[in-house]
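**Student:** Before we start, here is the structure in question, set down as structure tokens.
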Amino acid sequence: MNQSYDFVIVGAGISGAALAYYLKKSGIGRVLLVERGELASGGTGKSAAIVRQHYSTRLMARLAKRSVDIFRGMPGELGADGGYRGVGYAFLISDENAEVARKNLAMQQQVGINTSWLAADMAASRFPWLNMDRVVGVGFEPEGGYADPVQSVEAYVGAFKKLGGEVRTRMPCRGVLRSGDRITGISTDHGVINAGTVVNAAGPWAPALARLAGVPIEMRSIREQDTVWEGRTGRDLPPHSISNTLDAIYIRPQGDRRYVVGRGFPKEYEEVDENNYKETPDDDFIAEVQKRLEHRIPPLQGAKLIHAYTALYDVTPDWYPYVGPRADVKSYVDFSGGSGHGFKIAPGIAEELAAWLVTGKVAEDFKQLSYDRIAQKRLFVQSYGGNRG
């Protein structure tokens, strides 16, 4: 068996799968995608998978816009449906963040995003299921909504394999090989795999993987809890995905009157060991989410709890991902640190990252996503925390 590849990507979540596809599409000869478990078995598979474009920087807004276009076009591009449903996305705006929200909406419109401010009276009429308490406006994206995280990964991997890409699941990476300042491959239980470039797309496990080669990554693993609720029949229920900083919850439909509901910013973040953390949700968390949900969406009062689970966020100091090559080591690429919003922007990032790796050309704003920004102290600064969820 030939154990030499142009690129070896470690981690088959949305980031690794999308990048593998775009590298092969760009004409790279030998690309291997390695996963210690099954496809999307890490953070991606438990993502709330809200699709939205509401960001406070032009970089993230344009990447989110491109990602929405990609999600919408997956059946034609990849030959498989990624589960995207353009049911719309609503961002509830309070008086405290109204000024900043207006500026962000204007910037997003300049980027080409179809988004608008709905005044309180219009929102009350359009969203009869919404408790308008303290809501002064709603930012609404018709193309927002949600996708299926597992279907999206499977769609990318299927298209990648059709182009000749190779995938190996249930193959943990036991070591990252280094010669001087250059990464040369990985080691597994099945032997050494040589690589022209190794891509670290291991999500919360990215720092541990990088340490195998003496490469630093500043990142925290944060325990994230989510719930799934089923509304009663015969009620007017919300069809949209919703971000709600007033009550610090996010909501996204699953179909069949079911909704994924979790806590958004502002909230306390619990840092954990990614290999040893409480994997069942807390009773007080479930009760608090239910209280906030029923307050904001009265038709969901008396909703039935269907499921509750925990996931992990791979959180960077500025909540923006690490993407691209870095100055301190050669033949190594970061693609991790989604910080809870990585799923929705991963397709756009992967497409642009592949072009960077293949051509060597990169936009200056995109280049700032490199881990080099930590040493350079050029962290991104967000206008308000609503972008984190």
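Every number in this text was worked out from the coordinates using simple rules, so none of it is lab data. Worth saying up front: this structure is predicted, and the values here are computed from it rather than measured. Glycine also receives a Cβ, built like all others from the backbone with ideal geometry; neighbour counts cover every protein chain displayed.
**Student:** Ranked by Cβ crowding within 10 angstrom, fewest neighbours first, how are SER47, SER15, SER116 ordered?
**Tutor:** Least to most surrounded, the residues fall as SER116, SER47, SER15.
**Student:** Could I ask something else about it? Could you pull out every one of the aspartates and glutamates with an alpha carbon less than 17 Å from that of LYS103, ignoring same-chain neighbours closer than 8 positions?
**Tutor:** ASP95, GLU141
**Student:** What are the trypsin sites (Lys or Arg not before Pro) within region 304-389 that DSSP puts in a loop, where the Cβ has at most 12 other Cβ atoms within 10 Å?
**Tutor:** Those that pass, being in a loop and sparsely packed, are LYS361, LYS377, ARG378.
**Student:** Moving on to the next point. Percent of Cα-Cα pairs more than 26 Å apart in the chain, please.
**Tutor:** 51 percent
**Student:** In what order do PHE335, PHE127, PHE160 fall by count of nearby beta-carbon atoms within 10 Å, going from fewest to most?
**Tutor:** PHE127, PHE160, PHE335
**Student:** Hey, another quick one. Starting from the Kirkwood radius over alpha-carbon pairs of region 176-263, derive D by Stokes-Einstein at 37 °C in a medium of 0.692 mPa s and give it in µm² s⁻¹.
**Tutor:** For the chosen part, D equals 193 µm²/s.
**Student:** Does region 242-327 come out rounded, prolate or oblate, given a ≥ b ≥ c as the square roots of the eigenvalues of its C-alpha gyration tensor, rounded meaning a/c under 1.5 and, failing that, prolate meaning a/b above b/c?
**Tutor:** Because a/c hits 1.5 or more and a/b exceeds b/c, region 242-327 counts as prolate.
**Student:** Would you mind checking the tilt of helix 58-78 against the longest principal axis of the Cα atoms of the chain, expressed as 0 to 90 degrees and rounded to 10?
**Tutor:** Helix 58-78 sits at roughly 80 degrees to that axis.
**Student:** For the chain, with the dipole built from +1 on Lys and Arg beta-carbon atoms and -1 on Asp and Glu ones, taken about the Cα centre, which of PRO298, GLN109, ALA147 lies farthest toward the positive end?
**Tutor:** It is GLN109.
**Student:** For a quick size check, give me the Cα extents of region 136-212 along its three principal axes, largest first, whole Å.
**Tutor:** Principal extents (largest minus smallest coordinate, Cα): 57, 34, 21 Å.
**Student:** A further question on this structure: Between the alpha-carbon centers of region 240-310 and region 79-147, tell me the distance in whole angstrom.
**Tutor:** If you average the Cα positions of each part, the centres end up 20 Å apart.
**Student:** Hull surface divided by four, with the convex hull built on the Cα atoms of region 270-367: how many nm²?
**Tutor:** Over all viewing directions, region 270-367 projects a mean Cα-hull area of 9.6 nm².
**Student:** For the chain, with the dipole built from +1 on Lys and Arg beta-carbon atoms and -1 on Asp and Glu ones, taken about the Cα centre, which of ASN275, TYR332, VAL138 lies farthest toward the positive end?
**Tutor:** Of ASN275, TYR332, VAL138, it is TYR332.
**Student:** Rounded, prolate or oblate: which fits region 100-150, taking a ≥ b ≥ c as square roots of the Cα gyration tensor eigenvalues, rounded meaning a/c under 1.5, else prolate when a/b beats b/c?
**Tutor:** Judged from the Cα gyration tensor, region 100-150 comes out oblate (a/c at least 1.5, b/c at or above a/b).
**Student:** Working from Cα positions, state the angle (0 to 90°, nearest 10) between the long axis of helix 98-111 and the longest principal axis of the chain.
**Tutor:** 50 degrees
**Student:** For LYS377, go through the aspartates and glutamates and keep the ones whose alpha-carbon is under 18 Å away, minus same-chain ones fewer than eight residues off.
**Tutor:** Candidates past the 8-residue exclusion: GLU218, ASP318, ASP328, ASP334, GLU364, ASP365.
**Student:** Taking a ≥ b ≥ c as the square roots of the Cα gyration tensor eigenvalues, with a/c under 1.5 meaning rounded and otherwise prolate when a/b beats b/c, else oblate, which class fits region 1-50?
**Tutor:** oblate
**Student:** Step by step: find N for region 255-301, compute 2.2 N^0.38 Å, then divide the Cα radius of gyration by it. What's the final number?
**Tutor:** Rounded to two decimals, the normalised Rg is 1.40.
**Student:** In nm, to one decimal, how far is the HIS190 label point from the LYS367 one, both placed 7 Å along Cα→Cβ?
**Tutor:** 3.8 nm
**Student:** If you don't mind, another one. Taking the square root of 5 times each eigenvalue of the Cα gyration tensor, what semi-axes in Å does the equivalent ellipsoid of region 77-162 have, largest first?
**Tutor:** 33, 15, 10
**Student:** Taking 7 Å along the Cα-to-C-beta vector as the label spot, tell me the ILE306-LYS291 distance in nanometres, rounded to one decimal.
**Tutor:** Going from the ILE306 label point to the LYS291 one covers 2.5 nm.
**Student:** Excluding the sites themselves, what is the longest stretch of the chain that contains no GluC sites (Glu not before Pro) in a DSSP loop with at most 16 other C-beta atoms within 10 Å?
**Tutor:** My reading of the result: 97-217 is the longest stretch.
**Student:** Mind computing the radius of gyration and Dmax over the alpha-carbon atoms of region 47-204? Å is fine for both.
**Tutor:** Final numbers for Rg and Dmax: 21.2, 64 Å.
**Student:** Ignoring everything except DSSP H segments at least 4 long, calculate the 222 nm mean residue ellipticity for the chain; use -39,500 (n - 2.57) per segment, divide by total residues, nearest 500.
**Tutor:** Taking each H run of at least 4 residues, the total per residue is -9000 deg cm²/dmol.
**Student:** Next up: For region 1-139, restrict the atom set to alpha-carbon positions and state the Rg and Dmax in Å.
**Tutor:** Over region 1-139's Cα set, Rg and Dmax evaluate to 19.5, 66 Å.
**Student:** For LYS161, what is the net charge nearby, where nearby means another residue's Cβ is under 13 Å from its Cβ and Lys, Arg count +1, Asp, Glu -1?
**Tutor:** So the surrounding residues net to +2.
**Student:** If you don't mind, there's one more thing I want to ask. For LYS278, which aspartates and glutamates qualify as cross-link partners when the Cα separation must be under 18 Å and same-chain residues fewer than eight apart are set aside?
**Tutor:** GLU224, ASP226, GLU268, GLU270, ASP314
**Student:** Hey, fewest Cβ within 10 Å first, where do SER370, SER336, SER187 land in order?
**Tutor:** Fewest to most other Cβ atoms nearby, the residues stand as SER187, SER370, SER336.
**Student:** For labels at LEU163 and LYS377 in the simple 7 Å Cα→Cβ model, what's the distance in nm?
**Tutor:** 4.1 nm
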